[in-house]
Amino acid sequence: MTGIALEGGGAKGSYQVGVMLALIDNGIKPDMVAGTSIGAVNAALLCQGDRKKMINLWTETTTDLFGIDSLLVDKIKTKEFKFNDFFSVYENLKQILTNKGIDTDHILDVINDNIDEEKVRNSKIKFGLVTLKLKGLEPLELTIDDIPEGKLSEYILASCYLPVFSFKKIIDDNFYLDGGFYNNLPITLLEKEGCNKIYSVRVKGVGRIKKQSNIDTEIIEIKPRKGLGSMLIFDKDSNTKHMRIGYLDALRVIKNLDGTKYYFKNKKESYYTRIISKQNKETLNKLRLRFKHKDDKELVIKIIEHLMKKYDFEELKIYNVKKVIKRLKKLVTNKLYKDFIYNARLFL
């Protein structure tokens, strides 16, 4: 059985949407998906099979979700924040403090508006989540079969319940805490349900992660190479970008794409050895000293990525190495790199 484990991480969860779309687009059909906190929200969206709603949730949700004024956040991001705006910040914080934390009613409304419990229950993909009952600090790793009918949204909220939220009794007159306090990446839940191949989707969230229980379980990890920013700041531009990064990072794993800072179509080591086969030895030795590398493939990629960064190549697309080198021929002026680019063998 194949499973997908989605780590908790608040606003970073948009990354997971990109990963899941890439998995689906490449024929990877999970038998089960389980998530903690925001991962539980995304898991439910995947189970109900509504691609458009899954994308729209992340492109339309703002920090207003948490009672934080998104217009003020936008001003800070664009450096348009002025002295008079401090009064708005004060009122915003005062309201949150009056509620003794961030009110969760709006969050529950968003979950109800986007999660179709009937579709999740009837899905061919089994759903799971993690939360923590405050009484006795009882951890709960639940599947859809364990959740009473009509209560799915409340259990998803329970999985997301951060200490900054105003404390309310959610289910059966009990308080709950974010599942990340017990297990922020529910691999063990998937193993318990019979999954022996698991795509582990990381977002560098904050929480405890339990180790896999079976050493024979195949874990395929997909994670961002850079931080994804704040857990609490939701905005369309960041979410859209993170979805794209997630999609490409998943392809990096699924299709074994080359590159570290950029994405290149996969080629064998011999391909890169041929590229440098006509290089001047002095030029090549200087570059080998400058770039730490294990082999010819890593050396060529490091040189090309260095130049792409210098000349502001778009990061979020898949490149063909030959076409990149051709483009660099028109841009590079430094003698060392110019010699390398012009002596690159492109098999034309």
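The values are calculated or read from the model by the stated rules, or taken from the named source; none is laboratory data. This structure is a prediction, so every number in the text was calculated from the model and none was measured. Please note: Cβ atoms are built from the backbone with ideal geometry, for glycine as well, and neighbour counts cover all protein chains shown. Accessible surface areas use protein heavy atoms only, side chains included; no ligands, DNA or RNA. Shrake-Rupley method; radii C 1.70, N 1.55, O 1.52, S 1.80 Å.
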Counting only protein heavy atoms and rolling a 1.4 Å probe, one gets per residue an accessible area for the chain in Å² of 51 Å²
LYS267's amide H: which non-local residues (gap 5+, or another chain) put their own amide H closer than 5 Å, with H modeled 1.01 Å from N in plane and none for Pro or chain starts?
ASP258
Rounded to 0.05, the calculated FRET efficiency for the beta carbons of PHE291 and SER213 at R₀ = 30 Å is 0.15
Residue by residue, what Karplus-based ³J(HN,Hα) values in Hz, rounded to whole numbers, does the range 216-230 have, using 6.51, -1.76 and 1.60 with θ = phi - 60° and x for Gly and Pro?
8, 5, 7, 9, 10, 8, 10, 8, x, 7, 10, x, 9, x, 6
Computed ³J(HN,Hα) along the range 327-341: with the Karplus parameters 6.51/-1.76/1.60, θ = phi - 60°, integer Hz and x for glycine or proline, the list is 5, 5, 4, 8, 10, 5, 10, 4, 4, 4, 6, 5, 4, 5, 5
Angle check, please: helix 105-114 long axis (alpha carbons) against the longest principal axis of the chain (alpha carbons), in degrees 0 to 90, nearest 10.
70 degrees
Under 5 Å between amide hydrogens, which residues at least 5 positions from ILE220 or on another chain qualify, with H placed 1.01 Å from N in the peptide plane?
ILE198, TYR199, SER200
Under a crude label model (7 Å from the Cα following the beta-carbon direction), how far is ARG225 from LYS323 in nanometres?
1.9 nm
Angle between the Cα long axis of helix 85-98 and the longest principal axis of the chain, 0 to 90 degrees, nearest 10?
40 degrees
Given the chain, what percent of its DSSP beta bridges are antiparallel, to the nearest 5?
35 percent
Determine the share of the chain's accessible area contributed by carbon and sulfur atoms, expressed in whole percent, with a 1.4 angstrom probe.
51 percent
Greater than 22 Å apart at Cα, pairs in LYS53/LYS261; LYS310/LYS330; LYS226/LYS267; LYS286/LYS329; LYS53/LYS255; LYS12/LYS255:
LYS53/LYS261; LYS226/LYS267; LYS53/LYS255; LYS12/LYS255
Extension gain from GLU269 to THR59, taking 0.36 nm per residue of separation minus the Cα-Cα distance:
71.6 nm
Rounded FRET efficiency, nearest 0.05, which uses the C-beta distance separating LEU316 from ASP109 and R0 of 30 Å
0.40
